[in-house]
Every structure is written in structure tokens, then in C-alpha cells.
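Some notes on the structure that comes next.
Only the coordinates and a few stated rules stand behind these numbers; no lab work does. Nothing here was measured: the structure is a model prediction, and the numbers come from that model. When we count neighbours, we look across all protein chains shown, and the Cβ atoms used for this are built from the backbone with ideal geometry, even at glycine.
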Amino acid sequence: MRVVITPEEMYEASLAAARAGRRVGFVPTMGYLHQGHLSLVRAARATSDVVVMSIFVNPLQFGPNEDFARYPRDLARDQALAEQAGVDVLWTPPTEAMYPTPQAVTVDPGPVGAILEGAIRPGHFAGVLTVVLKLFAIVQPRVAVFGRKDAQQAALVRFMVRDFNLAIEIAVAPLVRDVDGLALSSRNVYLDALLRPKALALPRALARGVAAFRAGERKAGSVIAAAWSVLGEVEGVTTEYINVIDPDTFLPSHAATPRSYLAAAIRVGPTRLIDNVILGEGIEGDVRLGGLSE
């Protein structure tokens, strides 16, 4: 595995791959890798000749009261995991390389960027799309792979690629869950033995919503109410939102369909968690950690 640091090194590596006729697949991450990230590497490998992974904790997408400073970081561990997963080029740019001057121009995420995560975290998606556009410009991938856990992010990236006519295929890999059902996240490291059982209310709530849908409920409000009832039972869990989302527009929908997302965000103590499920697939349709090589 080749490790590159600067944007110039990364651009030259991608240019060399393109000259050799090799298809570049890209997995952008903020590091502290887990099996969810590594599943994206496998997805990129399936359609690419060269797999590039970036590790960059993007300050632009964190608000003033968010966890940028304490976001988990362990570059040595991440390098070992990336190499074991078959990453060909690992790009780890420092902040000053990505933002040598204050960012004068950012990407406006539009109406979808102002709801759900965007409503809770103002400015978040402008920071996400801005850094993703910068990463795309430097890596020049043919395909970029994102995880479904961050479904709103993946939808906005897809819209940006479409609207700006970028010649990049966006692939969204299945959501990966731990053996207990919790969606994998770098922030799960914040959950201690007391908080983790409370966090499991989130996948249970989504499963309750799926059960209502399978029982014939097609009103989004009723599916949401079923999921909300689970979260309301657990002391110490604060629900920020739960909504049925149209998969094409990523806007809230009044009707629940097999393709609809049921998306939610909660706080468990100081830790913020997001999750979603596709109603027609259910949580059992997601990938379990026990089914992946660790």
C-alpha cells in the first residue's frame, strides 16, 4: 500500500493510474476505521483496478459545539486496517493542505441539506459537499463508494454529482451492523457499558417501524409513531428526529413504500447516533458484523 500525504502527490498518483488505463475507485473516510468502512473497500475493489482511501477529519462539517477536537483518531491503526483490506493508495492530508487559506467558496446543499441532519447541524452538509468536491477534484475517481448509514449524505453527494455533471459513479454500500444490531460508527467508541444498551433502542425502534409497515400500515405518520414508541420507553435517550423519507428526493413523505427509508437520530448521553432502514428490506436485510471477516 502506498501512503501519500499532499494533494499534489494524490493527484499525480491518480493521473498515473488514468494514463495506465486503470479505473480508480475511491472511499472517502474520516478514519477510525471499522468493518463498515472496510466493506466499502470491498465494494470499490469489485469495480475498480486501483482503490484509493482518504482519511481526513474535515473541520468544515463540524459546528462550534460539536466533537471535532475529540473525534476518535488513530492513524497507525487505520493504516494497518486499510492495508489488510487491500487499499492500494491511502491518502492522509493534513488540514493545512486541504485548506491552505480560508474557504471562500462552498457548496450550497439546497433544501435537502436543510432538513433532518441539516436542521440539527446547520452548515454540516455545506462542509461535507465542499470537502467531497475537493476530494473528487484531486482523486479524479471513476467510482466513489459511500455507506448507507449516512444516507442523507450519500443522497446529497449523488445530487451534487448529477447537478454538476461530474463523471463519477456514486455507489452506496449496504449498512453494516454489529452483532447486537447497532449500526457501526466511529462514534460508538463513546458508548460505555451503561450507554450501549440504551443505544440499542435505535435499531429496535426502526424494527418496530418495519413491523408496522409489514402489518399493512402505509401512512408514514403511523410507521413513525410505532418507532417513536420504542424510543420513548428508554430513559436517557433523546430523540432528535424520526421520519419516513422518499428514496428519490430524500424529502419526508406522507406515504410509506417498500423503498422508503425510515431514518432517525438520537442522543444517548453526550453521544449522537444516526441510523436508517429501508422499509421493504428491514434490519435483517442489512449486513451483520458476524457475517464479515474481521
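Side notes on the structure shown:
- Computed from backbone phi, the HN-Hα couplings of segment 163-171 come to 6, 9, 6, 7, 7, 10, 7, 9, 10 Hz, rounded to whole numbers (Karplus: 6.51 cos²θ - 1.76 cosθ + 1.60, θ = phi - 60°; Gly and Pro given as x).
- Within the same chain, aspartates and glutamates fewer than 8 places from K134 are excluded, and of the rest, those with a Cα less than 18 Å from its Cα are E8, E9, E12, E96, D108, D163, E169.
- Value of [θ]222 nm, deg cm²/dmol, for the chain, DSSP H segments ≥ 4, -39500 (n - 2.57) each, nearest 500: -10500 deg cm²/dmol
- In order through segment 7-17: 3J(HN,Hα) via Karplus (6.51 cos²θ - 1.76 cosθ + 1.60), integer Hz, x for Gly, Pro: x, 5, 4, 5, 4, 5, 5, 5, 5, 5, 5
- Residues listed by number, segment 106-144, amide nitrogen under 18 Å from A46 label point at 7 Å toward C-beta: 142-144
- Magnitude of the charge dipole for the chain, about its Cα centre and with charges confined to Cβ atoms of Lys, Arg (+1) and Asp, Glu (-1), is about 420 debye.
- Segment 1-57, Cα convex hull volume normalised per residue, Å³: 76
- Tilt relative to the chain, helix 124-139 - C-alpha long axis, 0 to 90 degrees, to 10: 30
- Exposure proxy ranking for I278, I115, based on other Cβ atoms within 10 angstrom of each Cβ and starting from the fewest, stands as I115, I278.
- Shown in residue order for segment 237-243 are the 3J(HN,Hα) couplings computed by the Karplus curve 6.51 cos²θ - 1.76 cosθ + 1.60 at θ = phi - 60°: 10, 10, 8, 8, 6, 8, 8 Hz (x for Gly and Pro).
- Scaled to the globular estimate 2.2 N^0.38 Å, the Cα spread of segment 186-291, given as radius of gyration, is 1.05.
- With the charge dipole of segment 163-222 set up from +1 on Lys and Arg Cβ and -1 on Asp and Glu Cβ about the Cα centre, the Cα lying farthest toward the positive end among the listed residues L166, V189, L200 is that of L200.
- Under 5 Å from the amide H of Y32 lie the amide H atoms of D74, each residue being 5 or more positions distant or on a separate chain, with H modelled from the backbone and absent for Pro and chain starts.
- Considering only the Cα atoms of segment 86-174, their convex hull presents on average a projected area of 6.7 nm².
- Under the Debye formula (equal points on every Cα, no solvent term), log10 I(q)/I(0) of the chain at q = 0.14, 0.17 Å⁻¹: -1.07, -1.54
- Altogether, the Stokes-Einstein calculation at 37 °C and 0.692 mPa s, with the Kirkwood radius of segment 2-173 over Cα pairs as Rh, returns a diffusion coefficient of 201 µm²/s.
- Note on segment 186-291: with charges restricted to the Cβ of Lys and Arg (+1) and Asp and Glu (-1), its dipole about the Cα centre is near 100 debye.
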